[in-house]
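Heads up, the thing below is written out as C-alpha cells.
Every read-out reported here was derived from the displayed coordinates using simple, explicitly stated rules and does not represent laboratory data. Fair warning: this is a prediction, and the values are worked out from it, not measured in the lab. With ideal geometry, Cβ positions are generated from the backbone for all residues, glycine too; neighbour counts draw on all protein chains shown.
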Amino acid sequence: TPVKPEKQPDSKSLSLRKLLKGWGRSPSQNAATSMAIPEAVSRRMVRRMALLCGIPSALGISTFFVSYFVVTHDLVALPNVAVVLVSMGFFGLGVLGLSYGVLSASWDENAAGSALGWSEFTTNLGRMTEAWRSTGRKS
C-alpha cells in the first residue's frame, strides 16, 4: 500500500485551533493563566521573602526564649513590657520584610536584579501606585 503524504494544516484550521485553545475553560481560568507570575520571578520573590521575613520572625520568637532564660536565671530584672516591645518590633520588621521581599524582587523574568533590590523596589512600588490610581479613576 502506498504511503499517503501527511496533510499540512491550512491557515484556517490554525486560526481555528488558536480560537478554540481556551475552549472548555471558564473565562476566570483563562485570565488566571494569562495573569500568572512566571516561575523564575516567583522563586525570586519567595527567596527574598523567606530571608527578609524569616530572620526577623525567628528573632521575634527567640526573644521569648532568651527573656525566659534571663528571667529564670536572675541575670537581669527584665520588665514584661520590654519583652513585648522587642518581640513586636521584630515581628513588625518581619511584616515589612515580607512586603519588601515581594517589591524588591525583579519582576522581569530574564533579569535577576540587584542584591539589595532598591531600584527594583522603587520601580515596582511606582507600578503598584499607578495601578491603584488608575483603578481609582475608573471607579
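Residues Met45, Met88 in ascending order of nearby Cβ atoms (within 10 Å, fewest first): Met88, Met45.
Stretching Ala112 away from Leu96 to a fully extended chain increases their span by 3.6 nm, per 0.36 nm per residue minus the current alpha-carbon distance.
For Ser119, the shell of other residues with beta-carbons less than 15 Å away shows a net charge of +1, using +1 for Lys and Arg and -1 for Asp and Glu. With Cα atoms as the point set, the stretch 42-138 shows a radius of gyration and Dmax of 18.6, 62 Å.
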